[in-house]
Amino acid sequence: MEAVLKSLASTAELLAVAAQSGVVEQWDKQTLSRAFHWAQYCEHLFSRFHNNSAMRRIMEKQLQLTNQSLQAAFPGCTEVSFLDLSRCQHLLLVGLLNNPQLPGSIMKILFDTMSPVNTEQSEYQDVTGLCSHIIQCKSACKVLTPLTHMSAVGADAEVQGVMLMERLGALLSQSSEARWTEHFLDSVLQGCEGEVKHFCLVIAAALLTTKNSGAQTASQDFLLDWLQKKHSVLQHMCSVLPNTLLIDLAKKHLKFRDVYCDMLKEWASDMEYSLSDGEWVQTSSNRTVSFQRLTEHFLALFEACPSLREDIKKQLNALKISDGDFDVRGLSVWGDLLSALKK
């Protein structure tokens, strides 16, 4: 156990050095390969112990102590959590590429286009051409995207959605504590900072996967529950995804349909009538949707789920009455919304 904790601390220190230290100027190919070997080893530790609560607590304590000492040596360095161990090689690569001290010789190894990545087992992992391999995979997704006309989310998001479902299924089956799976989703969201739209596409793809199994149903239910807790992600999802995709989600998942309806009503309640524009506009600084777009959302939902039409209209009418039951344009967003839906 002592050796495991020592290796864990050493790898956390390695990530900090790779990202912030000038020591990388002295690295050669063997040092680079050894670094990725240790990162891979920590990913193995995560796979082996993430569902062992006792071992996990011990490893989290070690990481906490190591992070504290690293903060003193590298002020502002990113702390390494237990969940980060699952993507240790990714963190190592990103840290190296962001380090201005990384020598050109190491860059040439990572971006070598002549030698494919050697995936055979050896003493240390061969990372020659690793970045080029990633670029090739990304380029293949871009090239194949126009060919996947049956996919509403795109080839890369669809593949990532399937992978997300598989990972959730594995986590839920291996651990009785839901918070570990929530932490995993939180870390994925954090890793997608700046690419929230793509993350929303991945979530949609995951929720629309059609493999019929109890494990997948449980994973999708868990993802929906998590999504309900992430109001900003849900709002972004409803505002950036096309209506057709949102309707597909609403038809497949009752839980999503309910939160989608609630989101539409929330958007409407945030509107006020602009005399200068002659239209309802959102009062928040981050305007999400126009009144016309809001109406289109409701109409698309009615067309896909006809049984909802009367129920939602009753809800809107009740809100209109609570507003004073005015039929004059500009006095009640609910009254004007009902009028627009009737047209």
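The values are calculated or read from the model by the stated rules, or taken from the named source; none is laboratory data. Everything quoted here is computed from the prediction, not taken from an experiment. No Cβ is skipped: glycine too gets one built from the backbone with ideal geometry, and neighbour counts run over all protein chains shown. For accessibility, only protein heavy atoms count, side chains too; no ligands or nucleic acids. Shrake-Rupley method; radii C 1.70, N 1.55, O 1.52, S 1.80 Å.
Details
- Among residues of the stretch 300-322 that are aromatic (F, W, Y), those with a Cβ under 8 angstrom from a residue that is part of a helix (DSSP H, G or I), sequence gap 6+ or separate chain, pair up as F302/L308; F302/R309; F302/I312; F302/L341.
- Residues that are in contact with a Ser or Thr (Cβ under 9 Å, 6 or more places away or on another chain) and not in a helix (DSSP H, G or I), drawn from the stretch 274-301: E279, W280, V281, Q282, T288, V289
- Failed criterion for T148 (all others in (1) at pLDDT below 80; (2) surrounded by 19 or more Cβ atoms within 10 Å (Cβ to Cβ); (3) in contact with a helix residue (DSSP H, G or I) (Cβ under 6 Å, 6 or more places away or on another chain) hold): (2)
- Some residue of the stretch 73-81 being without any contact (Cβ under 8 Å) to a residue 40 or more places away in the chain and either open to solvent by less than 60 Å² (accessible area, probe 1.4 Å) or within 19 Å of V4 (Cβ to Cβ) (or both): no
- Tally, over the stretch 239-263, of residues that are surrounded by 17 or more Cβ atoms within 10 Å (Cβ to Cβ), of a type outside the set (G, A, S) and either without any contact (Cβ under 8 Å) to a residue 12 or more places away in the chain or in contact with a Phe, Trp or Tyr (Cβ under 6 Å, 6 or more places away or on another chain) (or both): 1
- Every listed requirement among (1) within 17 Å of G95 (Cβ to Cβ); (2) at pLDDT 90 or above; (3) exposed (fewer than 15 other Cβ atoms within 10 Å of the Cβ) is met by L65 save one, (1).
- Within the option set R257, R179, being assigned to a helix (DSSP H, G or I) and closer than 30 Å to K320 by Cβ holds for one residue only, R257.
- Condition check for E123: at pLDDT 85 or above, part of a loop (DSSP other than H, G, I, E, B), out of contact with any strand residue (DSSP E or B) (no Cβ under 8 Å at 6 or more places or on another chain) and open to solvent by 80 Å² or more (accessible area, probe 1.4 Å): no
- Members of the stretch 264-273 that are in a helix (DSSP H, G or I), open to solvent by 50 Å² or more (accessible area, probe 1.4 Å) and not polar (S, T, N, Q): E266
- Take the conditions (1) surrounded by fewer than 18 Cβ atoms within 10 Å (Cβ to Cβ); (2) more than 24 Å from the chain's Cα centre (by Cα); V94 misses just one of them, which is (2).
- Scanning the stretch 318-331 finds no residues that are of a type in the set (A, V, I, L, M), open to solvent by less than 30 Å² (accessible area, probe 1.4 Å) and not in a loop (DSSP other than H, G, I, E, B).
- Those residues of the stretch 193-206 which are in contact with a His (Cβ under 8 Å, 6 or more places away or on another chain) and open to solvent by less than 30 Å² (accessible area, probe 1.4 Å), in sequence order: C200
- So S105, is it open to solvent by 20 Å² or more (accessible area, probe 1.4 Å) and modelled with pLDDT of 75 or more: yes
- Among residues that are at negative phi, among the acidic types (D, E), open to solvent by less than 70 Å² (accessible area, probe 1.4 Å) and at pLDDT 85 or above, E60 is included.
- Number of residues in the stretch 289-314 that are open to solvent by 50 Å² or more (accessible area, probe 1.4 Å) and among the aliphatic types (A, V, I, L, M): the value is 1.
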